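The next block holds one structure in the form of structure tokens; read it before the comments.
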Amino acid sequence: MGMRAREPGLVLGRNYVETLILTYEQFQLLSPGLDIQEYIVVRLEELLCSIAYTSPHIKNIYHRKIWNILQEQYPDLPRPDLKSCFAYNRVKKWLDDNKKYVVETDLSLATMDTIQEYILKTAIQIIRTAVISTLMETGVIKLS
């Protein structure tokens, strides 16, 4: 009867990550405000970056995911310069710097959002998608 070894690179347990993701989805449905969604996305990114600290290739996977999402949504714009693992603020600033193109390109602005709310929602969605996709690709989480 030996002890199970911890998985390499895991800083926090899968239950924590899955709880953050499910909490995000609950607040996305229940709360019109973006504060909690932004808070959760930043925590998810912090978790990913703490794992990337021990496995640097994860940062490259994460950045590739972000670039792919941005390239798909905004093919005419250059990629943002993502130096550190923490990309949320850079993506938000990049969207803000390119807001004229971003707003013209995306037709879902028919809602009553201000441009700043729209940029915040878009940044949150991009980072959430990239973080979860990276965590799944690297085997940190497996969502059913």
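The values are calculated or read from the model by the stated rules, or taken from the named source; none is laboratory data. None of these values were measured; they are calculated from a predicted model. Ideal geometry is used to build each Cβ from the backbone, glycine not excepted, and the neighbour counts take in all protein chains shown.
Among the conditions (1) in a helix (DSSP H, G or I); (2) out of contact with any Asp or Glu (no Cβ under 6 Å at 6 or more places or on another chain), Asp81 misses just one, which is (1).
For the condition modelled with pLDDT under 90 and assigned to a helix (DSSP H, G or I), what is the one hit in Tyr62, Tyr16?
Result: Tyr16 is the single residue among Tyr62, Tyr16 that is modelled with pLDDT under 90 and assigned to a helix (DSSP H, G or I).
Scoring Ile127 on the criteria (1) under 15 Å from Ile61 (Cα atoms); (2) among the hydrophobic types (A, V, I, L, M, F, W, C); (3) assigned to a helix (DSSP H, G or I); (4) at pLDDT below 90 leaves a single failure, condition (4).
Note on segment 66-122: among residues that are among the hydrophobic types (A, V, I, L, M, F, W, C) and farther than 24 Å from Ile36 by Cβ, the one that is modelled with the lowest pLDDT is Ala110. Modelled with pLDDT under 85, charged (D, E, K, R), surrounded by fewer than 15 Cβ atoms within 10 Å (Cβ to Cβ) and at negative phi: is that true of Glu137 in this structure? It is false that Glu137 is modelled with pLDDT under 85, charged (D, E, K, R), surrounded by fewer than 15 Cβ atoms within 10 Å (Cβ to Cβ) and at negative phi.
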